[in-house]
1. Which aspartates and glutamates have a Cα lying under 15 Å from the Cα of K107, excluding residues fewer than 8 positions away in the same chain?
2. Out of the stretch 264-315, which trypsin sites (Lys or Arg not before Pro) are coil in DSSP terms and have no more than 14 other C-beta atoms within 10 Å?
3. Roughly speaking, what is the centre-to-centre gap between the stretch 48-101 and the stretch 326-371 when only Cα atoms are used, to the nearest Å?
4. At a Förster radius of 30 Å, what calculated FRET efficiency corresponds to the Cβ-Cβ distance of D193 and T372, to the nearest 0.05?
5. Once label points are set 7 Å from the Cα along Cα→Cβ at both H44 and S80, what is their separation, rounded to one decimal in nm?
6. Between I170, I155, I324, which gets the highest mean-square fluctuation from a Gaussian network model of the chain, Cα cutoff 10 Å?
7. Which lysines have a Cα lying under 16 Å from the Cα of K60, excluding residues fewer than 8 positions away in the same chain?
8. Angle check, please: helix 300-319 long axis (alpha carbons) against the longest principal axis of the chain (alpha carbons), in degrees 0 to 90, nearest 10.
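Readers should treat all values here as calculations from the given coordinates under stated rules, not as data from a laboratory. Computed from a predicted structure; not experimentally measured. In this analysis, Cβ positions are derived from the backbone assuming ideal geometry, glycine residues included, and neighbour counts consider all displayed protein chains.
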Amino acid sequence: MGIKILLKHLVVLLGFVMFSAPGLFANENTKTFVGATIFISPDHEPIENGVVIIEGSKIKQVGSAEQVKIPQDSQIVDVSNQYITAGYWNSHVHYTGVLQKAAKEDKENLGNLLSDMFLRWGFVGTVDTGSWLKKTLLIKKRISQNEVNGPQILIAGGSFVPEGGSPYYIKPIRLPAFKSFSQAKKLVAGALDDGADAIKLFTGSWGTPQKVVVMNPQHILAATEQAHSRGALVFAHPSDSDGTRVAIENGVDILAHTFPSQLKGPWDERLIELMHQNDVALVPTLKLWRYELKREGLPPDVINIVEQTAVEQVKLANQKGITILFGTDVGYMSDADTSEEFRLMHKAGMNYKEILASMTTSPASRYGFTETNGLVKENYIADIVILNSDPRENVAAFADVDKTIRNGEIVYQR
Ligand SMILES: [Zn+2]
């Protein structure tokens, strides 16, 4: 037999094997996840025994096992008895502390930290609401160049405070203060020029453990006008009702926390209506309050009241239809576990669909990614999370992550 004929036989034989045994000669570029319950969006009924086909960095097809034809050369991943959602966003994190130190370090250490803090909990996207801009930009670059696995990062830069309002709890660090309308505009423009995607303000800031310093409304207006003229969003750390009111009335887009402090009396429930009228979104950070007040050595009954107040604020906001964006303050808070945040959101009356929306469709909409992110849908970016337990039965299941996939690559696997 001549060599040509031998080759021809071999090709025919290989072709036969490939077409008769899917997955044996798998195409690395195509992965098919079979057997899971798929939460394609918070508003749709999940697909039982579903199939998701990922090709490259995109979702190629989604449907039930009866509807979807599995490509012959695809890599098959059996995810029976598991649950698939779109990739999550955490809208309040900090690339400070250990991450900041690791920004220039070897990739293994940085990769492990990014995995432990974000990918392991399903986060494919994060909003950094305060860090050293240059360090976070470096981490962002190393992730985008595929040197390390990590989430997408949007940076809310600046961390501007009112005069005398640099937070006492981050001393000796002193944050830049707004002194006038024109200086505030200049500082905001500078932060955006340096690479920030959004702006962070402390509209109400704990200058001392006894006092919240409220930002001058004109300075807030200068910042929001400048940021909006450049298409950038403004986040505010409000602390109490006064810090919240000036933020809403002067164009802030997102409150980075609930505002449970009641040093000056009961919180102002009318602020919820005001948030609604001005389309201001809220990041609950409910788990943070207990963590923070314990560190301050406050008695358990006080801690319970503060936590309950924050839960009440989320409850009213959610009933009113205010956009809620999931966020934990991890990076400032060392504990990265998200399950307690899910339980507290549930305690605030949020069902699993609303919690899923706060991590997927709501951030996609607020940050301008609705055409590409937030859904398990054909032609969308292949950012998905695979869970071991059912969030319909217990919302803490959103923390029971088995795999995180970003841009079609498995970036975390338990
Ligand atoms: Zn924070």
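1. The qualifying aspartates and glutamates are D116, E147.
2. Numbers: sites: K264, R270, K287, R290, K294, R295, K315; in loops: K264.
The qualifying sites are K264.
3. When both Cα centres are located, 18 Å separates them.
4. On the way: r = 26 Å, r/R0 = 0.88.
Computed FRET efficiency for D193 and T372: 0.70.
5. About 2.4 nm separates the two model spin labels.
6. Per the Cα network of the chain with a 10 Å cutoff, I170 tops the list.
7. Candidates past the 8-residue exclusion: K31, K69, K377.
8. 70 degrees
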